[in-house]
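The values are calculated or read from the model by the stated rules, or taken from the named source; none is laboratory data. Remember, it's a predicted structure, so these values are computed and weren't measured experimentally. Cβ coordinates were reconstructed from backbone atoms using ideal geometry, including for glycine residues, and neighbour counts include every protein chain displayed. Ligands, DNA and RNA are stripped out before the accessible areas are found, and what is left, the full protein with its side chains, is counted by its heavy atoms. Shrake-Rupley method; radii C 1.70, N 1.55, O 1.52, S 1.80 Å.
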Amino acid sequence: MNYKHALQNKIFKIISQSAKELHLDSYVIGGFVRDFILERGTAKDIDIVAIGSGIELAKQVAKNIPNQPKVQVFKTYGTAMLRYEDIEIEFVGARKESYNEDSRNPVVENGSLQDDQNRRDFTINALALDLSEENFGDLLDPFQGIEDLDAKIIKTPLNPDITYSDDPLRMMRAIRFATQLDFIIEKDSLDAIKRNNERIHIITKERIVVELNKILESKKPSIGFLLLEETGLLKHILPELSALKGIDEVDGQKHKDNFYHTLEVVDNIAPNTDNLWLRWAALLHDIGKAPTKRFSKKVGWTFHSHEFEGSKMVYRLFKRLKMPLNDKMKFVQKMVFMSSRPIVLAQDVTDSAVRRLVFDAGEYVDDLMTLCEADITTKNPHKFKKYHNNFKIVREKIVEVEERDSVRNFQPPISGEEIMKAFNLKPSKEIGLIKEVIKEAILEGEIPNEFDAAFQLMLKEGERLGLTKSE
Ligand code: ATP
Ligand code: MG
């Protein structure tokens, strides 16, 4: 088969010509070919294999590009990269790999194209197109990757046990591709992942997180998390989530399975936000429920303070996975901490509760609403409709409250200095008390967030505290 039409970008002719000048063969391989056939849009990265030195080929290609881009050489990996337009092009010499027990970094020697295709993770990632002048665009597909693309199957070219054991990151990649592409992992592969799941420990946390993020960024992230669970990988990388699995029953009372509930929430939120961190918040919003679960005869199952516990767990989880401990982490913590707040509002919307919600959530109130809407997984159609309707009202009221009282980034209408001046006070606890009373009155809707109203309330409160007004 010929795929010349995949190679219309001028760069492929330049690579072809450059390879010819160096008397070597070259191929475009992997993700670019796969995504072209799947019509997944134009690629942002292209991988080129040279039968010879990939670094030399990269340098030759750079010479033949009018603006002569810089070539970045990664000596330890024997690869080189250059940018063309907004595409990253990576060059590597065809290689044969052999692995040690304790590392995913193989011993490498030069090899043929076939050797290089053998070391690829999946049949659908081993597809190569010839870039030589004579056979430009010819497909080289030794493992029937095209058939697997059609059948939507993820499968390793060689023995899956060896493939996954050699480089356990491939287990994460298999699940990530299954999620992104909505493919099935072939049974032998799935079984091999189950057998090898413990080997995930030799993979750096950073690489695991890259794959987790890609799963979360997919259209239907639950595909990936269900596979992580099924293969036993989840308990190694996110034990907080595995711990949510299961339903307990005491005295005929059950609670819901919080793992499957969580996955529903993540799938629900996906169409409504591309914010990776909000998706993380959806994934983690209930993790505090495992350690706080209690049963009492009187009230049944409870998860007291699971939001607070959960937000503390977010920190520990981010730290363990070497994720950034920055404002993104704090955002996830805040969402988890506040994740139950709008629930009362889903049942009964009051002005003051909306005002308080806006006050506490601040600039993240819209994200919090998006999370809480996704959290509605009730199977009772009457409740489902009612909760969504009420959240719609909440969203309208948020806008209203915003216009009237601007509590989102609340600034007290009267400053401490003004209070001190009014009563001729030195810094003292009365100032804090008066400020608190004013804030409460605004949030309760008793007075508008304005100077005059706040000033009157201040005078009244000062009098109550026995303060005398200065002349
Ligand atoms: P995407 O760019 O969407 O992540 P991709 O398939 O292009 O998908 P890359 O990580 O860019 O993935 O890798 C490019 C190619 O290198 C893959 O298509 C595959 O052939 C090969 N590859 C990448 N990682 C591995 C691995 N861990 N084991 C074996 N082959 C791999
Ligand atoms: Mg790629």
Query raised in the report: Which condition breaks for residue 279 when tested against (1) in contact with a Leu (Cβ under 6 Å, 6 or more places away or on another chain); (2) more than 30 Å from residue 388 (Cβ to Cβ); (3) buried (at least 20 other Cβ atoms within 10 Å of the Cβ)?
Result: (2)
Query raised in the report: Does any residue of the range 150-163 turn out to be within 27 Å of the chain's Cα centre (by Cα) and surrounded by fewer than 22 Cβ atoms within 10 Å (Cβ to Cβ)?
Result: yes
Report task. Find all pairs meeting these conditions: Cβ atoms under 6 angstrom apart; at least six residues apart or on different chains; first residue within the range 299-317 and touching a residue at least 40 places away in the same chain (Cβ under 8 Å); second residue open to solvent by 20 Å² or more (accessible area, probe 1.4 Å) and assigned to a strand (DSSP E or B). Result -> 300/253; 301/295
Report task. Just need a number here: residues in the range 427-471 that are over 29 Å from residue 401 (Cα atoms) and either touching a residue at least 60 places away in the same chain (Cβ under 8 Å) or polar (S, T, N, Q) (or both). Result -> 3
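Of 116, 138, which residue is closer than 30 Å to residue 4 by Cβ, of a type in the set (D, E, K, R) and open to solvent by less than 20 Å² (accessible area, probe 1.4 Å)?
It is 116.
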**Report entry** helices (runs of 4 or more DSSP H) wholly inside the range 121-198 that include at least 2 residues being within 16 Å of ligand 2 (Cβ to nearest atom) and under 23 Å from residue 226 (Cβ atoms)
**Finding:** 169-181
Query raised in the report: Which pairs do you get when a residue that is under 25 Å from residue 123 (Cα atoms), found in the range 4-33, comes within reach of a residue that is among the polar types (S, T, N, Q), reach meaning Cβ atoms under 7 angstrom, with the pair 6+ apart or on two chains?
Result: 15/26; 16/132; 25/132; 30/125; 31/125
Query raised in the report: Of the residues in the range 33-48, how many are modelled with pLDDT of 95 or more and near ligand 2 (Cβ under 10 Å from one of its atoms)?
Result: 4
Query - Pairs with Cβ under 7 Å, 6+ apart, first in the range 352-363 and among the hydroxyl-bearing types (Ser, Thr, Tyr), second assigned to a helix (DSSP H, G or I) - result: 352/443; 352/444
Query raised in the report: Can you name every residue in the range 199-221 that is of a type in the set (Val, Ile, Thr) and in a loop (DSSP other than H, G, I, E, B)?
Result: 203, 204
Query raised in the report: Here are some conditions: (1) within 33 Å of the chain's Cα centre (by Cα); (2) within 30 Å of residue 205 (Cα to Cα); (3) more than 16 Å from ligand 1 (Cβ to nearest atom). Residue 86 meets all but one. Which one does it not meet?
Result: (3)
Report task. Search the range 8-32 for residues being aliphatic (A, V, I, L, M) and more than 16 Å from ligand 2 (Cβ to nearest atom), and hand back the single one that is farthest from residue 135 (Cα to Cα). Result -> 22
Report summary line: Of the residues in the range 342-351, those that are part of a helix (DSSP H, G or I) and without any contact (Cβ under 8 Å) to a residue 40 or more places away in the chain number 2
Report task. Output the residues belonging to the range 102-120 that are within 16 Å of ligand 2 (Cβ to nearest atom) and part of a loop (DSSP other than H, G, I, E, B). Result -> 119, 120
Report task. Test residue 71 against the criterion of being more than 15 Å from ligand 1 (Cβ to nearest atom), open to solvent by less than 50 Å² (accessible area, probe 1.4 Å) and free of Cβ contacts under 8 Å to residues at least 60 places away in the same chain, and give yes or no. Result -> yes
Requested in this report: Could you tell me whether the range 341-349 includes any residue that is closer than 21 Å to residue 262 by Cα, open to solvent by 80 Å² or more (accessible area, probe 1.4 Å) and of a type in the set (Val, Ile, Thr)?
Outcome: yes
Report task. Identify all residues within the range 48-66 that are open to solvent by less than 50 Å² (accessible area, probe 1.4 Å) and out of contact with any Pro (no Cβ under 8 Å at 6 or more places or on another chain); write none if there are none. Result -> 48, 49, 50, 52, 53, 54, 55, 57, 58, 60, 61, 65
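Listed here are the residues, each with its yes/no results for (1) open to solvent by 50 Å² or more (accessible area, probe 1.4 Å); (2) assigned to a helix (DSSP H, G or I); (3) among the acidic types (Asp, Glu).
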| site | (1), (2), (3) |
| --- | --- |
| 353 | no, yes, no |
| 358 | no, yes, no |
| 376 | no, no, no |
| 386 | yes, yes, no |
| 419 | no, yes, no |
| 440 | yes, yes, yes |
| 449 | no, no, no |
